[in-house]
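First the structure, in the form of structure tokens, and then the observations on it.
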Amino acid sequence: MDLADELLNDFGADESILDGIDGEDTKLSAGEIPVEKSHQDPKPQDSTTPSVLREVHEFLESTEFKRQYALIDTYSKLDVKIIKEDDMPIQSSPLHGKVLLANNMVQVLDEQFYKMYQYIVDNYSKKVKDLRDIFPNPYDYIKVLSILKHDTFVEGKNLEQVVPAQQIMTLSVALTGASFGVLSETQMEYILNGCEVCLTLMDCREKIVSCIELFMGELAPNLSKLVGTEIAANLVALAGGMIPLSRIPACNVVSIGKKEKVLNGFSKLNEVLHVGILGQHSLIVSTPTKYKQKAAKILAGKVVLACRVDCTRGSRGGDVGAKLLENVKGKIEMWQQMNKSKMHRPLPIPGAQKSKKRGGKRYRKHKQKYGLTDTHRERKRIKFAGQDDEYGDSAMGLTNGTLGMSDNGRLRLNHGSSKS
């Protein structure tokens, strides 16, 4: 059974699924592997070749790697419009199996790449010590070294296509006053050959990630709606699959794919700390700098939620991902709104509002101690139609009012009940 028949069995489709694939490409044999033409084929290795370089060459030439890479190449030429997923568990999905195979290949390629990269750094540092400090990102280091080759100057090397201008300036200054070691011609050939191998591994990895991106719209519609298929494919590739990504805490998702930057002498005002591949999202890029890290943390939390919804095969139309995206947009817009000015309440008019008196046992005791007694009330009371006192005396407080009078002038007298 060839690859085309295997593909048809996986998708359960008819032969029209492979109409867009040429017959020669679908029947890649185990001994054929499509390698980018921009890089030279690895040179034959002899017994004096370093063991690391020989092992990586053997990996690229192995039958198993070529077979899997040819299968990924076939997957990448499928028509996405005819790929439809049922509501089956994600572990039983044909697309999930293909994405899992691609993720495993990405991890193997990364392992071989960093093995080769460490060999190059250990040997080339004998000639130029500061190159790794200037380019801490392994991909940038390999690209710059493959352009510089035997030279130790940057003039006329077209490094602008690989790294930013500020790092080129830093490299130029570092190479101007540096003291260089001596490497033999054979050692430099091994290093440059290792760079070619690393570039080949990088191209293979990029093609596999693009294959994952092809399937993300159908496999994870909510995650794709939230961050886009490109960022979703890179997150899945770096996490090792959909299910491992759904189990990662949001505080760790925000730093996935973080690249270390060295800004020697340059401003770090626009640098966003602890933000990885999510910083490439258009929503984060358009957010003001002071809110970018906060927005990235919220977006990372929504990424985990969307991934968990996709793992449970919910919301196949991507509605949950769209709602989560609108939620993040609303929060960022709310942060950027102007603060409403506080209304200053005027002071109350003095004496216009009576102070509230508390009740209870303490207040009753206070009132009993400082309140008016019956004697004070009788003394301040004036007899109705009385003729005994002068008006002036009562006005000056010289009289005792109705105190001690039997007939005090009240209209109604309170007679106490006599006790028998």
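No value in this document is a laboratory result; all are computed from the given coordinates. What you are looking at is a predicted structure, and each value in this text was computed from that prediction instead of being measured. Here the Cβ positions follow ideal geometry from the backbone for every residue, glycine too, while neighbour counts run over all protein chains shown.
Overall shape: rounded for the range 127-182, with the ratio a/c of the largest to smallest alpha carbon gyration tensor axis below 1.5.
Hey, if you put +1 on the Cβ of every Lys and Arg and -1 on every Asp and Glu Cβ in the range 287-369, which of His344, Thr287, Val309 ends up farthest toward the positive end of that dipole? After comparing all options, I get His344.
In this calculation the C-beta distance from Lys258 to Thr312 is compared with R0 = 30 Å, giving a FRET efficiency of 0.55. The GluC sites (Glu not before Pro) of the range 146-251 meeting both criteria, a DSSP state outside H, G, I, E and B (loop) and at most 15 other C-beta atoms within 10 angstrom of the site's C-beta, are Glu155.
Here the simple spin-label model places points 7 Å from the Cα toward Cβ, and for Ser210 and Asp122 these points are separated by 3.4 nm.
What is the fewest-to-most order of Cys211, Cys198 by other Cβ atoms lying within 10 Å of their Cβ? Could you put the intermediate results ahead of the total?
Values: Cys211 24, Cys198 27.
In order of increasing Cβ crowding within 10 Å: Cys211, Cys198.
Going down the list Lys225/Lys297; Lys129/Lys149; Lys77/Lys323; Lys297/Lys331, which pairs span over 20 Å between their C-alpha atoms? Don't skip to the answer; put the middle values down first.
Details: Lys225/Lys297 18 Å; Lys129/Lys149 15 Å; Lys77/Lys323 32 Å; Lys297/Lys331 12 Å.
Result: Lys77/Lys323 exceed 20 Å.
So between Ser179 and Leu398, what do we pick up on full extension, going 0.36 nm a residue minus the alpha carbon distance? Walk me through the intermediate numbers first.
Details: separation 219, 0.36 × 219 = 78.84 nm, distance 11.39 nm.
Going from the current span to full extension adds 67.4 nm.
Each residue of the range 195-204 was assigned a 3J(HN,Hα) from its phi angle through the Karplus curve 6.51 cos²θ - 1.76 cosθ + 1.60 (θ = phi - 60°); the sequence is 5, 4, 5, 5, 5, 5, 5, 5, 5, 5 Hz, with glycine and proline shown as x.
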